[in-house]
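Following: one structure in structure tokens, then a few remarks.
Just so you know, all these numbers are worked out from the coordinates, no wet-lab data involved. Predicted model only: the values in this text are computed from it and were never measured. Neighbour counts are summed over all protein chains in view; Cβ atoms, including those assigned to glycine, are modelled from backbone coordinates with ideal geometry.
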Amino acid sequence: MSLDGPKSYSATAKWLHWLVAALVIALVPIGMIMADLEPGPLQDRLFVLHESLGITLLALMVVRLANRLRGAPAPDASLGRAERIAAGAVHHTLYLMLFLTPLVGWLALSAYGFGPSFFGLGNLPALLAKDEPLSKILFGLHEAGGLLIGTLVLVHVAGALRHVLLKRDDLITRMLPASWRGYRPAQ
């Protein structure tokens, strides 16, 4: 997009951003907790919840990418070259991992012998034949992907807080919902 394009993201982009953020905030700790639990009903329920939210995340990321390809604001003109490069690297890596991590989880579960459950309504198809040694490798990659997503989210939030608390600019308003339009950083 050119520098004379929109200064803020569309309402759809904002909704998708915050829905994906809420899912990630739920998925990472649920994944960590369920992995440490003893097998039983609680762990089973958390697995179903984690799988269901992961499939939802993957579907939302497909919609989000399609929406993003329709256009987005150019990087803010106030950002320096290093800031644009850092922000671009974090955003692109986060997008990639938000696709790959749920997909690898689906593949891992498939290799374990199951398709992911969707809120207990049924299971999605397995994408691979049963292969438990492969499932262990894929579950390890899925876990590493989740940890990388958590790290990238922290870096993203730190960047946003830098703009609010240190630079005291209004860059964050580009992604805030319209109902927060009156927000202005303290001077």
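Dividing the summed helix terms, -39500 (n - 2.57) for each DSSP H run of n ≥ 4, by the number of residues in the chain produces a 222 nm estimate of -22500 deg cm²/dmol to the nearest 500.
In a solvent-free Debye calculation with one equal scatterer on each Cα, what is log10 I(q)/I(0) for region 11-180 at q = 0.09, 0.12 Å⁻¹, listed in the order of the q values? Debye output, listed in q order: -0.36, -0.61.
Just rank D76, D44, fewest to most, by other beta-carbon atoms within 10 angstrom.
Values: D76 16, D44 13.
If I rank by nearby Cβ atoms, fewest first, I get D44, D76.
Within the listed set K14, K167, K130, the Gaussian network model of the chain (springs between alpha-carbon atoms below 10 Å) gives the highest mean-square fluctuation for K167. Under 5 Å between amide hydrogens, built in the peptide plane, is the criterion, and for G115 it picks out A126 among residues at least 5 positions away or on other chains.
Protection proxy ranking of 120-126, 109-115, by the mean of other Cβ atoms within 10 Å over each peptide's residues and highest first, is 109-115, 120-126. Name the lysines eligible as straight-distance cross-link partners of K14: C-alpha to C-alpha under 29 Å, and not fewer than 8 places from it in the same chain. Once the sequence-local lysines are set aside, what remains near K14 is K167.
Centroid-to-centroid, using Cα positions, region 28-63 and region 134-164 are 15 Å apart. Summarise the long-distance tail of P(r) for region 4-85 by giving the % of C-alpha pairs beyond 22 Å. Distances greater than 22 Å cover 46 percent of the Cα pairs. With respect to the chain, whose longest principal axis is taken over its alpha-carbon atoms, helix 11-36 is tilted by about 40°. Applying the Karplus relation 6.51 cos²θ - 1.76 cosθ + 1.60 with θ = phi - 60° to region 139-150 yields 3J(HN,Hα) values of 5, x, 5, 4, 4, 4, x, x, 5, 5, 4, x Hz, where x marks Gly and Pro. Per-residue Cβ neighbour counts within 10 Å put R168, R64 in the sequence R168, R64, beginning with the fewest.
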